[in-house]
Every structure is written in structure tokens, then in C-alpha cells.
Amino acid sequence: MASTVSDRPGYGQLLRTPGAWTFLLPGFAARQPFAMLTIGIVLLVQHTTGSYGSAGSVAAVTGVSMALFAPQTGKLADRLGQRAVLLPGVLVHAASVSALTALALADAPLWALFVAAVPTGASVPQIGPMVRARWAAVLGATPGRRASSLMSTAAAFESVTDEFTFVIGPVLATALCTGVHPAAGLVAEAGLTLVGGLLFAAQRRTQPSVRNAASGTSRPHTSALAVPGVRVLAVAFLGIGAVFGGMQVSLTAFAEEIGRPGANGLLYGIFAAGNMLSGIACGAIAWRSGPRRRLMTGYTALALTASGLWAVHSVPLLAGLGLLVGLSIAPALISGYTLVDALVPGSARTEAFTWLTGSVALGQAAAVTVAGRLADAHGASTGFVVPLVGTVLALATLVTLRSRLATPARDRAVARGIGHREPVTVD
């Protein structure tokens with residue numbers, strides 16, 4: 001349930017947080033390429049090989065590589081600082097994308113594309129998790145319940161920002177690939193990553209403090225994945241990744257199948273716009289129910305709406321159902337990220353966020369592979385089975401293990417080692 005009348009801070013107060021704009025603007029530019037990478041690879045490799053299966057496989061290798069390396073990037077950022085990780089990372093990523101693009105245009109064998117896809121995915125800058133960690137750092141100075149309220153608003157704001165990039169990114173990449181050159185999407189992705197990443201890394205004042213032995217912290221570093229709730233959320237985010245990946249490949253195949261390739265960007269943009277609008281609403285509403293209950297409700301809606309995609313065969317109906325699917329994603333994402341802030345201590349928060357981002361990437365990687373091969377063999381509509389299966393399996397896991405998402409009854413003083421309380425269930 002929700003109420004529109006509350007003392008909960010809104011977007012205006014959040015954006016007036018001192019120092020926020022210094023990392024928000026470069027962070028937005030730096031995360032934009034992430035939404036362009038998968039679709040850029042799919043469109044380029046499909047153009048050079050003629051196979052959605054091959055294109056999906058290359059994109060999948062990139063996604064798996066990102067999923068495996070992203071948590072390590074987050075862990076290093078917690079220990080060494082974000083700047084120390086970002087500076088070499090964006091340089092490696094730009095070089096890797098350039099190599100992958102050159103190999104695809106040279107009609108290199110598929111194994112060579114797989115090899116180039118590994119560093120491409122491994123070096124994807126984890127800007128979204130880093131921005132979320134910066135919010136936690138700058139809001140940590142806000143006392144009492146207002147800090148918790150602002151963090152919930154920040155989680156919604158970041159979801160909106162992510163989805164805004166997924167409105168712009170795929171449409172921009174598709175327009176560049178179809179209107180300029182098949183490689184133009186990846187070229188733009190590499191350039192934006194380099195410029196945006198360097199600008200974000202330059203904002204040193206707002207990056208979270210480094211916690212290590214030299215700073216006097218005696219407690220050993222514990223992996224975020226050791227928290228049971230993080231593992232459950234990672235499974236849930238796999239299903240969300242299956243929606244993103246299945247939609248990207250299946251919408252592309254559907255548009256080609258009906259002879260309207262330009263409709264791909266429009267259809268995916270509508271889907272992402274639904275997610276963005278839902279995220280705006282989630283941040284503006286003062287919820288009376290807790291994040292765990294909202295996660296369960298949102299994920300149920302996501303599974304129900306995704307289950308009908310495979311049966312739709314017209315552009316208007318697919319656009320409408322895609323909008324509903326998008327509207328269902330944001331509540332699940334926002335609730336998951338909000339739970340992380342309560343479940344994980346600050347010293348491992350960037351890592352926790354990257355586990356969830358990596359889960360989305362891994363689910364997306366599996367989805368583009370399976371959906372691509374299904375589309376090649378049986379037509380575009382069968383590719384939409386992938387979001388159905390992914391969300392239903394993830395929902396079953398959430399229902400079964402929901403008790404592990406109980407948030408501990410502690411404030412930030414507990415995270416600093418001043419006290420300890422037993423966990424309580426917060427719906």
C-alpha cells in the first residue's frame with residue numbers, strides 16, 4: 001500500500017544533497033554506453049554473420065564475462081577506491097570494444113569474436129553500483145530516519161536513471177547501426193565510456209572512503225555474497241536480466257521478421273519507458289509496505305505480464321504488453337536495491353551492488369543466447385519464451401527463500417560496530 005502524504009523526503013530534497021550533482025552528471029554520461037553494448041554487438045555481429053544465434057552468443061560471452069568480473073571490480077573499488085579502478089578500466093574497455101568491432105568487420109572466425117568479447121565484458125565500468133555507493137556515502141551523514149528515507153528515494157532515482165539510459169541507449173545504438181554503419185553503435189559506446197568514465201573518476205570528493213587495514217579498521221573484509229539475502233536477490237536479478245536480454249533479441253528478430261527493422265528501437269524504447277515511468281512513481285510514492293513485500297508484488301506482476309509476450313504477433317499489441325512488462329520491472333529493481341542498503345554493511349556495499357548488476361548481465365547473457373537460437377530455429381515469437389521462463393523460476397525462488405530477505409533491526413551505528421540486534425522480518 002502507498003500514501004502520497006508523508007514526511008518522507010522526495011526527489012527535490014535528494015537532489016539538493018551537497019555534492020550530488022558532481023557525480024550524477026558524469027555518472028549519467030558514463031553509464032549510458034552500458035545500455036548500448038549488447039544491442040550494438042547483436043546488430044553488428046548479425047550483420048556480418050547473418051545469424052542471430054551467433055550474435056547472441058558473442059553478446060552472451062560479454063555478459064558472462066561482465067557477471068564474473070563485476071563483483072571483483074566492486075570489491076576492488078571498496079578496498080582501493082573507485083578512481084583507482086575506473087582509470088585503467090575505461091581504457092581497457094575502449095580498446096577491447098575497438099578490437100571486437102575490427103574483428104567483426106574483418107569477418108574473423110566466431111572464436112576470435114568470443115576471445116575479444118571476454119575483456120570487453122570484464123572491463124565494463126560499474127558506474128551504476130558506484131553511483132549508488134556514493135549516494136550511500138553522502139547520505140550517511142544525514143541523521144536518523146531521514147537518511148533511510150532518502151536512501152529509498154535514491155534507489156528509486158537510480159532505477160529511473162538506469163531505465164532512462166535504456167530508453168536512450170538501445171534507440172541510439174539502433175539508429176546508428178541502421179542509419180550510419182553497422183559498427184557505429186559500438187564505436188559510440190567506446191567513445192562515451194572513455195569520456196564519461198574519466199569525468200566520473202575525476203570526482204574524488206564524493207567517492208566512498210576506502211576501508212582497509214591501513215585506515216585502522218580491524219574487522220576483516222567480508223564478501224557481500226556471504227549475506228544470504230544478497231544471494232536470493234542475485235537469483236531474482238537473473239530473472240530481470242532474462243527479460244532484458246530476451247526482449248532485446250526477440251524484438252530485433254520480430255522487427256526483421258515483419259520487414260520493419262526500424263520498429264525495434266521504438267518497441268524497446270516503449271518497454272524501457274514503462275520501466276522509467278514506473279520508477280518515477282515508485283520514488284514519488286510514500287510506501288506503507290516494506291521493500292520485501294514490494295519486491296514480491298512487483299515480481300509477481302513481472303512474471304504475469306512477461307508470460308504473454310510469446311503469443312503476441314502485432315506491433316501495437318506487442319508495444320502495449322511491452323509497456324506493461326516495463327512498468328513491472330522498476331518496483332522489483334528498486335525494492336532489491338533498497339534491501340541491499342539494509343542487508344549489507346557499508347564496507348561491502350559497492351560489491352553487493354555489482355553482484356546484482358552482474359546477475360542482470362548474466363541473465364541477459366543467457367537470454368540473448370537462448371532467445372537468439374530459438375528465433376533462428378523457430379521464429380521471433382519463440383524467443384519471448386525466455387523472459388517467461390526466467391521470471392517464473394526466479395519468482396519461485398523468491399517465494400521459497402523470502403525469509404532470507406529479512407532485514408536486520410539495526411541502524412548505521414551497528415554497522416560501525418557499536419551494537420548488535422537480532423534480525424527481524426520487515427515486509
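The values are calculated or read from the model by the stated rules, or taken from the named source; none is laboratory data. These figures come from a predicted structure and were not determined experimentally. Here the Cβ positions follow ideal geometry from the backbone for every residue, glycine too, while neighbour counts run over all protein chains shown. Accessible surface areas use protein heavy atoms only, side chains included; no ligands, DNA or RNA. Shrake-Rupley method; radii C 1.70, N 1.55, O 1.52, S 1.80 Å.
Observations, loosely collected:
One line per residue, one yes/no per condition, for (1) surrounded by 19 or more Cβ atoms within 10 Å (Cβ to Cβ); (2) modelled with pLDDT of 80 or more; (3) part of a helix (DSSP H, G or I):
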{"position": "84", "(1), (2), (3)": "no, yes, yes"}
{"position": "93", "(1), (2), (3)": "yes, yes, yes"}
{"position": "117", "(1), (2), (3)": "yes, yes, yes"}
{"position": "134", "(1), (2), (3)": "yes, yes, yes"}
{"position": "137", "(1), (2), (3)": "no, no, yes"}
{"position": "168", "(1), (2), (3)": "no, no, yes"}
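- Any hit, segment 140-153, residues being modelled with pLDDT of 80 or more and part of a helix (DSSP H, G or I): no
- For segment 172-209, a residue qualifies if it is of a type outside the set (Val, Ile, Thr), surrounded by fewer than 20 Cβ atoms within 10 Å (Cβ to Cβ) and outside any loop (DSSP other than H, G, I, E, B), and the qualifying residues are 175, 179, 191, 194, 198, 199.
- Verdict on residue 31 being of a type in the set (D, E, K, R), out of contact with any Phe, Trp or Tyr (no Cβ under 8 Å at 6 or more places or on another chain) and crowded, with 24+ Cβ neighbours inside 10 Å: yes
Per-residue answers, yes or no, for (1) over 25 Å from residue 381 (Cβ atoms); (2) part of a helix (DSSP H, G or I); (3) touching a strand residue (DSSP E or B) at 6+ places or on another chain (Cβ under 6 Å):
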residue	(1), (2), (3)
260	no, no, no
265	no, yes, no
268	no, yes, no
271	no, yes, no
274	no, yes, no
277	yes, yes, no
298	yes, yes, no
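- Among (1) open to solvent by 10 Å² or more (accessible area, probe 1.4 Å); (2) farther than 19 Å from residue 303 by Cα; (3) in contact with a Gly (Cβ under 8 Å, 6 or more places away or on another chain) - the single one residue 379 does not satisfy: (3)
- Qualifying position, being touching a helix residue (DSSP H, G or I) at 6+ places or on another chain (Cβ under 8 Å) and without any contact (Cβ under 8 Å) to a residue 60 or more places away in the chain, among 97, 85, 124: 85
- So residue 71, is it closer than 23 Å to residue 353 by Cβ, assigned to a helix (DSSP H, G or I) and touching a Phe, Trp or Tyr at 6+ places or on another chain (Cβ under 8 Å): yes
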